[in-house]
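Throughout, read-outs are computed from the coordinates displayed, never taken from laboratory work. Note that the coordinates shown come from a computational prediction; the quantities given were computed from them, not determined experimentally. Cβ placement follows ideal geometry from the backbone for every residue including glycine, while neighbour counts extend to all protein chains displayed.
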Amino acid sequence: MSLKKEIRLKIKSIRYEVEASLFSGDDSEAVLTIRAEDADDSPEVIEINSLGTLYDDGDRVEVTYEETEATGMEGSVTTVSFLRSQSGIVSMTRNGAVSTVLTFEAGKRYHCVYKTPYMPFEICVRTLKVENLLMTMGTLDIDYVIEIRGARAERTKFRMQILK
């Protein structure tokens, strides 16, 4: 039995620069360079409240919402999805003004392309933690480091909460 319903979301993203190089070495070497104390200055905090859609077909769960000017991705639609049987592996797909597919799995590193109106960028994502309680407690927490090739890495603590 499928479920599709409109929901209210609260999304909070805390980002700060870190000293890390995700494009070189293996996953174990990348972990050693990523520490909270590497953070420079104060973090950038973005909080948005949004309307979205929750879709659950019993196997796959998807939450879709429109990005806003606050995130710098206005004109894009984001879909966060996972299989119920593998809730620790979360995909984030963005389509529109910017587009990409990011995969988050604790302890893993993934390469992908981030397409913008200006040019595509190669990025690397290293996930530190995924706590997916979306279907039980209404929260999804992802702690990850992202690096655009040739730029400084950023650590992001992302939280999605379904509001009652």
Report the label-to-label distance for Ile14 and Ala106 in nanometres (one decimal), using points 7 Å from each Cα along the Cα→Cβ vector.
1.8 nm
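I need the calculated FRET efficiency for the pair Asp57 and Thr136, taking r as the beta carbon distance and R₀ as 22 Å, to the nearest 0.05. Intermediate values should be presented prior to the final figure.
Values: r = 18 Å, r/R0 = 0.80.
Efficiency, from the Cβ-Cβ distance: 0.80.
What size of dipole, in debye to the nearest 20, comes out for the chain about its Cα centre when the only charges are +1 on Lys and Arg C-beta atoms and -1 on Asp and Glu C-beta atoms? Mind showing how you got there, number by number?
Details: 21 positive and 27 negative charges, 109 e Å.
Using only the charged Cβ atoms, the result is roughly 520 debye.
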Do any of Lys108/Lys164; Lys5/Lys115; Lys12/Lys129; Lys4/Lys108 go past 27 Å between their Cα atoms, and which?
Lys108/Lys164; Lys5/Lys115; Lys4/Lys108
So, with points 7 Å from each Cα along the Cβ direction, the Ser99-Glu122 label distance in nm works out to 2.1 nm
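Tell me, what is the percent relative contact order of the chain, built from C-alpha pairs under 8 Å that lie six or more residues apart?
This gives 22 percent for the chain.
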By what distance, in whole Å, do the Cα atoms of the chain stretch along each of the three principal axes, largest value first?
45, 33, 28
Select from Thr116, Thr64, Thr100 the residue whose mean-square fluctuation is largest in a Gaussian network model of the chain (Cα-Cα springs shorter than 10 Å).
Thr116
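Give me the net charge for the shell around Cys124: Cβ to Cβ below 9 angstrom, other residues only, Lys and Arg +1, Asp and Glu -1. Before the final figure, lay out each step's value.
Numbers: positive: Arg109, Arg126, Arg149; negative: Glu122, Glu147.
Local net charge: +1.
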Listed residues Val45, Val80, Val101, most fluctuating in the chain (Gaussian network, C-alpha, under 10 Å)
Val45
Most fluctuating residue given options Ser91, Ser81, Ser42, as computed from a GNM of the chain linking Cα atoms under 10 Å
Ser42
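Set the Förster radius R0 to 30 Å, insert the Cβ-Cβ distance between Gln86 and Ser42 as r into 1/(1 + (r/R0)^6), and round the FRET efficiency to 0.05.
Values: r = 36 Å, r/R0 = 1.18.
About 0.25, to the nearest 0.05.
Can you tell me the length gained on complete extension of the stretch Ser2 to Arg159, counting 0.36 nm per residue apart and subtracting the Cα distance? Show your work: numbers first, answer last.
Values: separation 157, 0.36 × 157 = 56.52 nm, distance 2.52 nm.
Answer, rounded to one decimal: 54.0 nm.
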